[in-house]
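Novice: Sending over a structure as structure tokens; questions will come in a sec.
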Amino acid sequence: MITAERKPLSELVECVRPYGRILLLGCNECVTVCAAGGRKEVGLLASSLKMAFSKDGKNLDIKEITLERQCDPEYVEELAPHMGEAEAVLSMACGCGVQEVARRFMDKPVFPAVNTKFMGASERQGIWSERCAGCGDCVLGITGGICPIARCSKQLMNGPCGGSSGGKCEVDAEMDCAWQLIWDRLKALGLEKRYEENMPAKDWRPGRGAGPRKIIREDLAR
Amino acid sequence: MKTESVLEKVLASGQMAVTSECGPPRGSVPDKIIEKANLLKGYVDAINVTDNQTAMVRMSSWSSCIFIKQMGLNPILQMVTRDRNRLAMQSDILGAYAHGINTMLCLSGDHPKFGDHPMAAGVYDLDSIQLVRMVKDMRDEGKFQGGADIVNPPKMFIGAAANPFADPFELRVARLAKKVKAGVDFIQTQCIYNVDKFEKWMEGVRERGLHKQVYILAGITPMKSVGMAKYMKNKVPGMDVPDEVVKRMSSVPKEKQAEEGIKIALETIERLKGVEGVNGFHIMAIEWEEKVPEMVERAGLLPRPQV
């Protein structure tokens, strides 16, 4: 999923200060799962903002809406009837959702309420960690199911570097060394020999190397 | 002979090679690099010039190399993949070679987190093994990494680092094998304090015949004090300083610790001279370059061969 963390309240208060009526948007997808911008978080943020402004004697009118998917024009269209009254939009979706709302409603200021972080997985309740860098040319099939690009601090394709110690990365003692994980898994699979195949210099074009990316599925796009 | 590198000639002659290093200054101060290199003149075969070591901005390695080259000495251009992409690295290699620099060391480099620009993006377009391969293809195939032909390809004698003390230990020989496969000519190792472990690594190297395919220079760093020994043991990632070494450093009074550090280093050199596959020494006296001549002399590594 795409993970996100809510921005500090003080920053959000400054974003909406000029406005009297705002639309506060949640998204029912990834940001709900990572507890950053679902219906529940929308409610909590609305109360916090109202409280923050009521201290200054200001009444902030907040309309709360949580869309099924904010990165999808079909769902974003549902906002059209509510947009007229709103002076600004505060979106708790990931950056994709924020941009979709901005694209559809050209004349409304849209502010992000979360910082979009990474594509990751849930380690356990309340802990998410990065798993995929979206390089566009997946190597997991040869690296034992652990991504060196997303999970090695130096994105080494032929690690581990000299800073791997006790299974941890030199950058942070709490961080697993991706290449230790890769090695452990290759061993478990009986594929130790594969380690010695040098991975060639990566072609970054399928990733961000060739500019912003687009997928066109002719069969569906017709 | 693959190159004009003096280091290659010394190693090919079968004599023990000696290298040392100079860290460029934190400013446009050529005198500093000239002063440091002058200390080493006549005592080493080649001088590594570090590339923003510990991720701190310093005068560039290649420009410092030119000053050293102009003194008639042999610089080793260090290059880390942290700060440049493959275009920048290849153009620097062409430029360095055009100035007569013919030996280099390929590294991934310390992570930006450890330096004075922790907010900087680490580039890592290539890793050190891919860099070795790129430099080899530039030299032997006369091709850029992108595939086009090079006019007057740079003939670099290609080095890389190896840390026998990092984890997992069982991978350390295999990782050297990958560097050999990529085309590395010589290796300079991490500083050796745990000599037993280093010898165990060398055993693995010999078992696979890697010592016949690559020259290995053992890394030696004298310790100035017990404080430095403790710091290296506890704070420097990938460093293996056994308790006995710390104990030995602390067993002598403060004013004699520097000499004790030198003695330990000299004993290590003496012991490693007898290890098959060790072809020389890389003496890194960190901010203590003035000690290198004395160490080389006391280690019986003088005079340096004329090749």
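A short reminder: the numbers here are calculations on the coordinates, not readings from a lab. These figures come from a predicted structure and were not determined experimentally. Cβ coordinates were reconstructed from backbone atoms using ideal geometry, including for glycine residues, and neighbour counts include every protein chain displayed.
Novice: Summarise the partner chain shielding of B:122-135 as one whole number: the mean count of Cβ atoms from other chains within 10 Å of each residue's Cβ.
Specialist: 5
Novice: Something else: Helix B:257-273: angle to the longest alpha-carbon principal axis of chain B, degrees 0 to 90, nearest 10?
Specialist: Rounded to the nearest ten degrees, it is 60.
Novice: At q = 0.07, 0.10, 0.12, 0.13 Å⁻¹, what log₁₀ I(q)/I(0) does a Debye calculation on the Cα points of chain B give, no solvent, two decimals?
Specialist: The Debye formula, applied to the Cα set alone, gives -0.25, -0.52, -0.78, -0.93.
Novice: Give the angle, between 0 and 90 degrees and rounded to the nearest 10, that separates the Cα long axis of helix B:172-182 from the longest principal axis of the Cα atoms of chain B.
Specialist: That helix lies at roughly 30 degrees to the long axis.
Novice: Could you line up B:91, B:28 from fewest to most neighbouring Cβ atoms inside 10 Å?
Specialist: Final ranking by Cβ density, sparse to dense: B:28, B:91.
Novice: Another question, then. Which three semi-axes in whole Å describe the equivalent ellipsoid of chain A, each the square root of 5 times a Cα gyration tensor eigenvalue, listed largest first?
Specialist: Equivalent ellipsoid semi-axes, largest first: 41, 22, 14 Å.
Novice: Over the alpha carbons of the protein assembly as shown, what is the largest minus smallest coordinate on each principal axis, giving the biggest first in Å?
Specialist: Principal-axis extents of the protein assembly as shown (Cα, largest first): 88, 59, 51 Å.
Novice: While we're looking at this one, here's another question. Counting only helical runs of four or more DSSP H residues, what would the 222 nm mean residue ellipticity of chain A come to if each run contributes -39,500 (n - 2.57) and the total is spread over all its residues?
Specialist: -7500 deg cm²/dmol
Novice: Quick one: among A:141, A:97, A:159, which has the greatest mean-square fluctuation in a GNM of chain A with alpha-carbon springs under 10 angstrom?
Specialist: Comparing A:141, A:97, A:159 in the GNM, the peak value goes to A:141.
Novice: Related question: With a 10 Å Cβ neighbour count serving as the proxy for reagent exposure, in which order, fewest first, do B:64, A:164 appear?
Specialist: Ranked by crowding around the Cβ, least crowded first: A:164, B:64.
Novice: State, as an integer percentage, the relative contact order of the range A:2-118 based on alpha-carbon contacts under 8 Å between residues 6 or more apart.
Specialist: RCO, the range A:2-118: 36 percent.
Novice: Please arrange B:198, A:118 by counting, for each residue, the other beta carbons lying within 10 Å of its beta carbon, fewest first.
Specialist: A:118, B:198
Novice: For the range A:24-67, what does the convex hull of the Cα positions come to per residue, in cubic angstrom?
Specialist: So the per-residue hull volume is 44 Å³.
Novice: Using only Cα atoms, locate the centre of the range B:169-242 and the centre of the range A:117-180, then give the distance between them in Å, rounded to an integer.
Specialist: Between the Cα centres of the range B:169-242 and the range A:117-180 lies a distance of 25 Å.
Novice: While we're here: Determine, for the range A:2-118, the count of lysine pairs separated by eight or more sequence positions (or lying on different chains) whose alpha-carbon distance falls under 26 Å.
Specialist: Here the count comes out as 20.
Novice: Compute the separation of the alpha-carbon centres of the range B:249-298 and the range B:1-61 and state it in Å as a whole number.
Specialist: 18
Novice: Among the trypsin sites (Lys or Arg not before Pro) in the range B:1-48, which ones are in a DSSP loop with at most 12 other Cβ atoms within 10 Å of the Cβ? Mind listing them?
Specialist: B:26
Novice: Further question: Among the helices of chain A (complete DSSP H runs), which have Cα atoms covering no less than 24 Å along the helix axis and a Kyte-Doolittle mean of at least -0.5?
Specialist: A:39-55
Novice: In percent, what relative contact order does chain A have, based on Cα pairs under 8 Å that are 6 or more apart in sequence?
Specialist: Relative CO of chain A lands at 17 percent.
Novice: Right, next: With a cut-off of 8 Å between alpha carbons and a minimum separation of six or more residues, what is the relative contact order of chain B in percent?
Specialist: In percent, rounded to a whole number, it is 19.
Novice: Mind scanning B:197/B:247; B:36/B:212; A:154/B:273; B:32/B:247 and naming the pairs with a C-alpha gap bigger than 24 Å?
Specialist: Too far apart for the 24 Å limit: B:36/B:212; A:154/B:273; B:32/B:247.
Novice: Any chance you could give the angle, 0 to 90 degrees and rounded to 10, that helix B:195-207 forms with the longest Cα principal axis of chain B?
Specialist: 40
Novice: How much of the calculated P(r) for the range A:56-108 lies past 15 Å, in percent of all Cα pairs?
Specialist: Of the Cα pairs, 45 percent sit more than 15 Å apart.
Novice: After finding the eigenvalues of the alpha carbon gyration tensor for the range A:133-203, what semi-axes result from the square roots of 5 times each, listed largest first in whole Å?
Specialist: 18, 15, 11
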